[in-house]
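To start, the structure under review is shown below, and the notes come after it.
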Amino acid sequence: MNIKTYYKPPTAKEYVSLRLRSGMGSKDIQRSQIALSNSLMTISLYDEEKLIGFGRVVGDGGITYVVSDIMIDNDYQRRGLAEQIMQEIDHYFEVNTHDDSYICLIANHPADLLYKKHGFEYLPEDKCGMLRNQSKDNNK
């Protein structure tokens, strides 16, 4: 295993392929390219020429930041690669955010355990997180 780290986005095709290999599901290639090019920060892990890990930060670059798409190829999981990605994202936040910045994410279980090690907490009882339902049937 010869893992190299790059601080640039992968191609949209590589990104979608990794989404599938990590169990995160597919996304449209063209919309993926737009999303990748609009990221504030990306980290891509490659084993030789194969994208095996990825993470990014999105947001407005001033107040609001969202950790997104932390994913590791199923064949490379449980080797500390997600931890490596999160350490790089932590460094980005240390350099680029302020005490009043909003830094958030949405996690699936058990990935929340990784994020807790990096300063993320569950919302307090007086706050709630919400997702907008994008189903065409529900948005009339």
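The values are calculated or read from the model by the stated rules, or taken from the named source; none is laboratory data. Predicted, not measured: the structure shown is a model, and the values here were computed from it. Cβ atoms come from the backbone with ideal geometry, glycine included; neighbour counts cover every protein chain shown.
Tell me whether the range 67-81 contains one or more residues that are polar (S, T, N, Q) and more than 25 Å from VAL16 (Cα to Cα).
Among the residues of the range 67-81, not one is polar (S, T, N, Q) and more than 25 Å from VAL16 (Cα to Cα), which makes the answer no.
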Going by the structure shown, is LEU40 touching a residue at least 12 places away in the same chain (Cβ under 8 Å), crowded, with 16+ Cβ neighbours inside 10 Å and of a type outside the set (Gly, Ala, Ser)?
no
Only one of LEU20, LEU40 is within 22 Å of PRO110 (Cα to Cα) and at pLDDT 95 or above. Can you tell me which?
LEU20
Do you know which of the residues in the range 89-140 that are surrounded by 11 or more Cβ atoms within 10 Å (Cβ to Cβ) and of a type in the set (S, T, N, Q) is nearest to THR64 (Cα to Cα)?
SER101
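Which residue, of SER26, SER32, is touching a helix residue (DSSP H, G or I) at 6+ places or on another chain (Cβ under 7 Å), free of Cβ contacts under 8 Å to residues at least 24 places away in the same chain and not in a helix (DSSP H, G or I)? Explain how you work it out, then say what you get.
Working: SER32 fails: not in a helix (DSSP H, G or I).
Among SER26, SER32, only SER26 is touching a helix residue (DSSP H, G or I) at 6+ places or on another chain (Cβ under 7 Å), free of Cβ contacts under 8 Å to residues at least 24 places away in the same chain and not in a helix (DSSP H, G or I).
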Of all residues in the range 64-114 being among the aromatic types (Phe, Trp, Tyr) and out of contact with any Asp or Glu (no Cβ under 9 Å at 6 or more places or on another chain), the one that is nearest to LEU51 (Cα to Cα):
TYR92
Give me a count of the residues in the range 81-140 that are in a helix (DSSP H, G or I) and hydrophobic (A, V, I, L, M, F, W, C).
9
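To keep it simple, each residue is scored yes or no on (1) under 22 Å from TYR7 (Cβ atoms); (2) within 17 Å of the chain's Cα centre (by Cα).
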residue: ASP60; (1), (2): yes, yes
residue: TYR65; (1), (2): yes, yes
residue: ASP73; (1), (2): yes, yes
residue: ARG79; (1), (2): yes, no
residue: GLN84; (1), (2): yes, yes
residue: HIS91; (1), (2): yes, yes
residue: LEU114; (1), (2): yes, yes
residue: ASP126; (1), (2): no, no
LEU81 being in contact (Cβ under 8 Å) with a residue 60 or more places away in the chain, surrounded by 10 or more Cβ atoms within 10 Å (Cβ to Cβ) and out of contact with any Lys or Arg (no Cβ under 9 Å at 6 or more places or on another chain):
yes
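So, ASN133, is that one at pLDDT below 95 and more than 16 Å from LYS8 (Cβ to Cβ) or not?
It is true that ASN133 is at pLDDT below 95 and more than 16 Å from LYS8 (Cβ to Cβ).
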